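The values are calculated or read from the model by the stated rules, or taken from the named source; none is laboratory data. None of the values given here were measured: they were computed from a predicted structure. Backbone-built Cβ (ideal geometry, glycine too); neighbour counts: all protein chains shown. Side chains included, ligands, DNA and RNA excluded: accessible areas come from the protein's heavy atoms. Shrake-Rupley method; radii C 1.70, N 1.55, O 1.52, S 1.80 Å.
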Amino acid sequence: MVMETDVLIIGAGPAGLAAAYETASRGLDVTIVDESISKGGQLCQQTQILRTLPSPFLAMRGYELANTLINQLDEFSVRYLLGHRMIGTYKDGSIGITDETNVFPVNPKKIIVATGAAEKAVPFPKWTLPGVITVGAAQTLVNRDFVTPGKNAVIIGSSDFAMDVAIQLSDVGVNIIGIVESLPKILARDAEKTEHIMQRSIPLYLRSSIKEARGNGEVEEIDIQFPDRIMTEKVDLVCVDGGRTPILDAFYQLGCSFGFQEELGGWLPQYNEFLQTDCKDVFLAGNAAGISSQGALLITGRIPGVRVCEELNIISKQEAEHERASHWKELENLEAKLFPEKWEARLNHIKNYANPLLKDQFIS
Amino acid sequence: MHIKDHPVLGPQLQDPVTIYFNDQPYMAYKQQTVAAALIANGVKKFGLSRKLVQSRGLFCSRGRCCSCYMTVNGEDHVRTCMIRVEEGMEIYPNLEDPEVRGDGHGD
Ligand SMILES: Cc1cc2nc3c(=O)[nH]c(=O)nc-3n(C[C@H](O)[C@H](O)[C@H](O)COP(=O)(O)OP(=O)(O)OC[C@H]3O[C@@H](n4cnc5c(N)ncnc54)[C@H](O)[C@@H]3O)c2cc1C
Ligand code: FES
């Protein structure tokens, strides 16, 4: 049997939930699919306070924002398919969803893909040894599974995210031997985070990188390469921050075109000012539309939500235009100030809408 | 190690379960994934790579890298960072390719 729905949202992270609110609160029937067992996406394990959120949200911790976004959907018609994954499309265009045992078709009027981003690896000899994990994985273990991933750790990368995770690891008793950054300066933009690191006397090693990891079946030792020397440290945990890149599987399956924007995480689906891809009924939101700040991501969920309502004649063109203008204004406020290079890249990407770099082709 | 009292979220681990890895019992808690519960017990090696026979373990903890594949309750190639522990769960490392060409696996 085919499941019918007005709007199918792939991904129950903050962007998917924001898109769900825009559409469900105006009366549309919404189905949200997420391969994970819980709602909230990557917000669930974020215990740090998020300060730059769009109205009506005040500063709050990541998991609190997840709960707020989930609770505000309570009174509307939203169907959750958790532990379910989109794995392709049928010949007639309906979407193939699996519960990891069976596959069944869902036939939506519109689809909003909010699959988020994946963390990239940082390759060095023996980076595949157990004990070498992403910073996001470390955060997930500590804040979602309540497990300390190791005793003595090195963090590779100095982004705001890496700093948050270093602080959170240190707060559960992991000894942070150092933060290793290949550039001559710290990448984190939030000076407060660096201060917290200093207060904890965690060494920051600039102009350094991992030469090699060693261990018998799991990581036991690493060599940190400095311009003039090599330092060997005993570790049982290495957390790598290689940045993030949009998850594109669903877009391949749907046949969307792609463009490239370094500042937004690399390859990403081509989209216009409605966050609509070149497949007419396919929209996108969140990190899948370009890696950005938490506040900006919420707005990228609202914009396609408004367009879907307009195309399904739930709101008038006038109302939609009014809403859209205010969302874009707020997105500019949040993104252009904090991350001007991301804002610039986003505008560029939209400008390229009619001229995608890749059409009918996989990126390999 | 299990975090008994989380600095922000407080004591969260309430419902213990017993899981078995290579037939040895380990203590886990209900909300933990299989991969996380094993790491809490000091188990990090989840399998071996096929060609170069190198150890593999958890890497991304969000279902993307497949480095955490193990056999869970008889099912091969389960992403153990994506499923939660259950009482009595039997887990074995991923040491070789499952037999998929035999009878009963289609043609
Ligand atoms: C492990 C990790 C930790 C992070 N921690 C931080 C942090 O501390 N601070 C910060 O600012 N940012 C962090 N991020 C960035 C994070 O991606 C964003 O903050 C935000 O959660 C992105 O929102 P989103 O809705 O776009 O995607 P997500 O929150 O990633 O949600 C996407 C959802 O889509 C689901 N999904 C993907 N593909 C499919 C499919 N085919 N079928 C069904 N469901 C699917 C996923 O299960 C996921 O729940 C982290 C990212 C990761 C990977
Ligand atoms: S650790 Fe990457 S899929 Fe489980």
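Could you check the range A:206-222 and list, in sequence order, the residues that are away from chain B (no Cβ under 14 Å) and within 14 Å of A:Ala153 (Cα to Cα)?
A:Ile210, A:Glu221, A:Ile222
For every residue, the table says whether it meets (1) touching a Cys at 6+ places or on another chain (Cβ under 6 Å); (2) open to solvent by less than 20 Å² (accessible area, probe 1.4 Å); (3) not assigned by the TED database to the domain that holds A:Cys279.
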{"site": "A:Arg200", "(1), (2), (3)": "no, no, yes"}
{"site": "A:Arg207", "(1), (2), (3)": "no, no, yes"}
{"site": "A:Arg214", "(1), (2), (3)": "no, no, yes"}
{"site": "A:Glu218", "(1), (2), (3)": "no, no, yes"}
{"site": "A:Ile222", "(1), (2), (3)": "no, yes, yes"}
{"site": "A:Arg229", "(1), (2), (3)": "no, no, yes"}
{"site": "A:Val235", "(1), (2), (3)": "no, yes, yes"}
{"site": "A:Ala250", "(1), (2), (3)": "no, yes, no"}
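Kindly indicate the residue of the range A:129-156 that is open to solvent by 40 Å² or more (accessible area, probe 1.4 Å) and more than 23 Å from the chain's Cα centre (by Cα) and also nearest to the other protein chains (Cβ to nearest Cβ) among those meeting that condition.
Residue satisfying both the conditions and the ranking: A:Lys151.
If the requirement is being open to solvent by 60 Å² or more (accessible area, probe 1.4 Å), away from chain B (no Cβ under 14 Å) and touching an Asp or Glu at 6+ places or on another chain (Cβ under 9 Å), which of these qualifies: A:Arg79, A:Arg85?
Result of the check over A:Arg79, A:Arg85: A:Arg79.
Residue-wise test of (1) more than 9 Å from ligand 1 (Cβ to nearest atom); (2) open to solvent by less than 10 Å² (accessible area, probe 1.4 Å); (3) in the same structural domain as A:Glu64 (by the TED database); (4) among the charged types (D, E, K, R).
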site: A:Ala285; (1), (2), (3), (4): no, yes, yes, no
site: A:Ser292; (1), (2), (3), (4): no, no, yes, no
site: A:Gly295; (1), (2), (3), (4): yes, yes, yes, no
site: A:Thr300; (1), (2), (3), (4): no, yes, yes, no
site: A:Val306; (1), (2), (3), (4): yes, yes, yes, no
site: A:Glu311; (1), (2), (3), (4): yes, no, yes, yes
site: A:Ile315; (1), (2), (3), (4): yes, no, yes, no
site: A:Arg324; (1), (2), (3), (4): yes, no, yes, yes
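Among (1) within 16 Å of ligand 1 (Cβ to nearest atom); (2) basic (Lys, Arg); (3) in contact with a Pro (Cβ under 6 Å, 6 or more places away or on another chain), which single condition is B:Lys44 missing?
With respect to (1) within 16 Å of ligand 1 (Cβ to nearest atom); (2) basic (Lys, Arg); (3) in contact with a Pro (Cβ under 6 Å, 6 or more places away or on another chain), B:Lys44 is out only on (1).
A:Ile167: more than 30 Å from A:Met86 (Cβ to Cβ), within 14 Å of chain B (Cβ to nearest Cβ) and aliphatic (A, V, I, L, M), yes or no?
Yes.
Could you grab me the full set of residues in the range B:41-77 that are open to solvent by 20 Å² or more (accessible area, probe 1.4 Å) and within 10 Å of ligand 2 (Cβ to nearest atom)?
B:Arg56, B:Phe59, B:Arg62, B:Arg64, B:Cys65, B:Cys66, B:Ser67, B:Tyr69
Collect the residues in the range A:127-157 that are without any contact (Cβ under 8 Å) to a residue 60 or more places away in the chain and away from ligand 2 (no atom under 16 Å from the Cβ), keeping them in residue-number order.
Of everything in the range A:127-157, those that are without any contact (Cβ under 8 Å) to a residue 60 or more places away in the chain and away from ligand 2 (no atom under 16 Å from the Cβ) turn out to be A:Phe146, A:Thr148.
Looking at the range B:56-68 only, could you name the residues that are facing chain A (nearest Cβ under 7 Å) and modelled with pLDDT of 95 or more?
Matches in the range B:56-68: B:Arg56, B:Gly57, B:Leu58, B:Phe59, B:Cys60, B:Ser61.
Looking at (1) open to solvent by less than 20 Å² (accessible area, probe 1.4 Å); (2) more than 8 Å from chain A (Cβ to nearest Cβ), can you tell me which one B:Ala36 breaks?
(2)
Could you list, in sequence order, the residues of the range A:7-47 that are open to solvent by 30 Å² or more (accessible area, probe 1.4 Å), of a type outside the set (Lys, Arg) and touching a residue at least 60 places away in the same chain (Cβ under 8 Å)?
Hits for the range A:7-47 are A:Tyr21, A:Gly27, A:Gln42, A:Cys44.
Kindly indicate whether any position in the range B:47-54 is within 12 Å of chain A (Cβ to nearest Cβ), within 16 Å of ligand 1 (Cβ to nearest atom) and touching a Gly at 6+ places or on another chain (Cβ under 9 Å).
No, because not a single residue in the range B:47-54 is within 12 Å of chain A (Cβ to nearest Cβ), within 16 Å of ligand 1 (Cβ to nearest atom) and touching a Gly at 6+ places or on another chain (Cβ under 9 Å).
Out of the residues in the range A:102-123 that are of a type in the set (D, E, K, R) and within 12 Å of chain B (Cβ to nearest Cβ), which is farthest from ligand 2 (Cβ to nearest atom)?
A:Lys120
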